[in-house]
Amino acid sequence: MPKIGVLSSGGDCPGINAVIHAVVKKAILDYNLEIVGFLDGFEGLVENKWRELQYNDVSGIMPLGGTILGTSNKADPFRYPVYREDHLELLDLSSQAVDNYRKSGIQALICIGGDGTFHIASRLMELGLNVVGVPKTIDNDLNGTDLTFGFDSAVSIVTEAIDRLHTTAQSHHRVMVVEVMGRYAGWIALQGGIAGGGDVILIPEIPFKIKQVCDFIQKRIESGKRFSIVVVAEGSRPEGGDLVVQKVVQESHDQIRLGGISYVVGREIEELTKLETRVVILGHLQRGGSPTAFDRVLASRFGAKAVELVVEGQFGYFPGLRGEEIIPVPMAQAIDSLKTIPLDSPLLGLARSMGTFLGEE
Ligand code: F6P
């Protein structure tokens, strides 16, 4: 019986288990394949940690957040972190990963991940592995697909958080600054901000002018609105200013961890407007918990299509969403550049026409 492998790599997000669920069921029911799951992303491939996945192993996992296989955003076989007593070494253990792939007897590997995962997967393909990707990230910043799964769930969490912040902001007549994830793209901030009715939305694609943000908030006060909600993407920055970096993770593919711009924005708003201001960073809450129905369906469609791509031998591709359709997309398309919000996006127009300030006028 032919055998395939599956792993989840990079940051987790709601919907990974829905992909695994679809991969295992489709592979068994439609193609009678055997499946093994490598544990903790590429760490499982390098260190030969895996488990068999039978049909019953995936029953009931669809609503679960996280990933039953575990993940890692550090375990790159080409720069594999080895922790010595007093220092960190990054070793090329890609040949060990290739050996383990061969020993496991699989004919192809499905890699659920984002741009970092696809980059590693492509390099492993050059060493002879058969790989198919599945596009995952709450950030929705992968080129080649209209949406990634996990994004809708994150936006729902942000929306609920903004709804809750509204009532407390209103009661205390405060400015609430809420920081959301998204790396260098503002998709979560923009869509969560629109859905939650944010008064100001700051995104990486439009560097903001703090003076103008404060003027906007003042005008709201003058018009009788005694509170404001400011949604800030972690990757946003003032015009001519820098990103706020929370930490550098040396062993990670993307070493920069953003975070903290909301404190800068909150402090300046309080200083300039004299309005009482509070800051909330939603952080990893946006990645936890059960996927939305939309993400469960999208993740299942991606998982099922990934199995088809394996069976058809379309290696080096991932299933992407284009309109209503799921189509094969070369992984290279999602590696070279990130999908940020185009400045002519109708969503920006929508936000503006609902009176939301985007920090730039
Ligand atoms: O890419 C997903 C993401 O959640 C980003 O939005 C965020 O910047 C980053 O991962 C956080 O990474 P970590 O889990 O390593 O803190």
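Looking only at the range 21-60, which residues are part of a helix (DSSP H, G or I) and hydroxyl-bearing (Ser, Thr, Tyr)?
Tyr31, Tyr55
Is there a residue in the range 201-220 that is more than 16 Å from the ligand (Cβ to nearest atom), in contact with a Ser or Thr (Cβ under 9 Å, 6 or more places away or on another chain), under 20 Å from Thr167 (Cα atoms) and assigned to a loop (DSSP other than H, G, I, E, B)?
Checked the range 201-220: no residue is more than 16 Å from the ligand (Cβ to nearest atom), in contact with a Ser or Thr (Cβ under 9 Å, 6 or more places away or on another chain), under 20 Å from Thr167 (Cα atoms) and assigned to a loop (DSSP other than H, G, I, E, B).
One residue is enough: does the range 310-317 have a residue meeting the conditions within 22 Å of the chain's Cα centre (by Cα) and not assigned by TED's automatic domain parsing to the domain that holds Ser171?
Yes, the range 310-317 has at least one match.
Could you run through the range 221-238 and say how many residues are within 16 Å of the ligand (Cβ to nearest atom) and under 17 Å from Ile194 (Cβ atoms)?
The number of residues fulfilling the criteria is 4.
Out of Gly182, Gly198, I need the residue that is within 16 Å of the ligand (Cβ to nearest atom), touching a helix residue (DSSP H, G or I) at 6+ places or on another chain (Cβ under 7 Å), open to solvent by less than 40 Å² (accessible area, probe 1.4 Å) and not in a helix (DSSP H, G or I). Which one?
Unique residue meeting the criteria: Gly182.
Out of the residues in the range 249-263 meeting the condition of being away from the ligand (no atom under 12 Å from the Cβ) and surrounded by fewer than 18 Cβ atoms within 10 Å (Cβ to Cβ), tell me which one is farthest from Ile4 (Cα to Cα).
Among them, the one singled out is Tyr263.
Is it fair to say Gly224 is modelled with pLDDT of 95 or more, open to solvent by 50 Å² or more (accessible area, probe 1.4 Å) and over 30 Å from Ile112 (Cβ atoms)?
Yes, satisfied.
Has the range 268-284 got at least one residue that is within 16 Å of the ligand (Cβ to nearest atom) and open to solvent by 70 Å² or more (accessible area, probe 1.4 Å)?
Yes, the range 268-284 contains a residue that is within 16 Å of the ligand (Cβ to nearest atom) and open to solvent by 70 Å² or more (accessible area, probe 1.4 Å).
If you check Ala161, Ala154, Ala108, which single one turns out to be surrounded by fewer than 24 Cβ atoms within 10 Å (Cβ to Cβ) and in contact with a helix residue (DSSP H, G or I) (Cβ under 6 Å, 6 or more places away or on another chain)?
From the options Ala161, Ala154, Ala108, the qualifying one is Ala108.
The values are calculated or read from the model by the stated rules, or taken from the named source; none is laboratory data. Just so we're clear, the structure is a prediction, and the values are computed from it rather than from any experiment. No Cβ is skipped: glycine too gets one built from the backbone with ideal geometry, and neighbour counts run over all protein chains shown. Just so you know, the surface numbers come from the protein's heavy atoms only, side chains and all, with ligands and any DNA or RNA stripped out. Shrake-Rupley method; radii C 1.70, N 1.55, O 1.52, S 1.80 Å.
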